[in-house]
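The values are calculated or read from the model by the stated rules, or taken from the named source; none is laboratory data. None of these values were measured; they are calculated from a predicted model. Glycine also receives a Cβ, built like all others from the backbone with ideal geometry; neighbour counts cover every protein chain displayed.
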Amino acid sequence: MISWLEPTADPHFPDTESALAEPPGLLAAGGKLSVEWLVVAYRQGIFPWFNEGQPILWWAPAPRMVLYPQDFHTSKSLRKLQRQQRYRVSEDRDFNAVIEACAGERSGQRGTWINSQMVEAYMTMHRAGFAHSIECRDGSELVGGLYGIALGKVFFGESMFSRVPNASKLCLKQLVDCGRYELIDCQMPTTHLHSLGASEISREEFEAALNRWV
């Protein structure tokens, strides 16, 4: 799920243990994190999320937080940062580095939901052509990034990180502006997502969007 809260927290699941105690859309436990399983799951709007040592848990929360590219809010500070061209934004240049950074420990967070099984699974999805990353660099240093799954015209966001202010927003802006997607799935609602233009839609609306664009 996309972690759109800057700069260091993971906004969808700031407290994974307490969130898992009250499941918002838990469907099933078990299965595999193979390419075949993940592609079938994402096509139906289902994603894995579980702690290290737990069985694989599959989720489909409702309502669903989504971002339509045309609704993305570009703040004045983000426009200014783009004009300065201080950072270089790229796509699929270093997927492994991005997911490892997203999986790293963050300030104010007791752990990360991106465990070793998830890292390995999404690296495999990247090699299979389904998982993609966007990177933000200051010179040669990776200072921000995001990754997710692309199926048809839908991008299912998984996580993002920033080591400097607005770096992940630049990556999201690249995703919005690339023109390949009609919908960006953000999965869980946060105030930060709302500020960027995301909104909540019903399960029926989300499934209709998947049927249309995946």
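Annotations for the structure displayed:
- Test result for residue 134, among the β-branched types (Val, Ile, Thr) and buried (at least 23 other Cβ atoms within 10 Å of the Cβ): yes
- Helices (runs of 4 or more DSSP H) wholly inside the stretch 28-126 containing at least 2 residues that are β-branched (Val, Ile, Thr) and modelled with pLDDT of 90 or more: 35-43, 95-103
- The listed residue being more than 24 Å from residue 182 (Cα to Cα) and either more than 17 Å from the chain's Cα centre (by Cα) or in contact (Cβ under 8 Å) with a residue 12 or more places away in the chain (or both), out of 117, 82, 44, 70: 117
- When the stretch 146-156 is filtered for residues that are surrounded by 24 or more Cβ atoms within 10 Å (Cβ to Cβ) and either among the charged types (D, E, K, R) or out of contact with any helix residue (DSSP H, G or I) (no Cβ under 8 Å at 6 or more places or on another chain) (or both), only 148 remains.
- In the stretch 60-92, residue surrounded by the fewest Cβ atoms within 10 Å (Cβ to Cβ) [restricted to those that are farther than 20 Å from residue 135 by Cβ and polar (S, T, N, Q)]: 70
- The residue of the stretch 195-204 that is farthest from residue 180 (Cα to Cα), among those that are out of contact with any helix residue (DSSP H, G or I) (no Cβ under 8 Å at 6 or more places or on another chain) and surrounded by 14 or more Cβ atoms within 10 Å (Cβ to Cβ), is 203.
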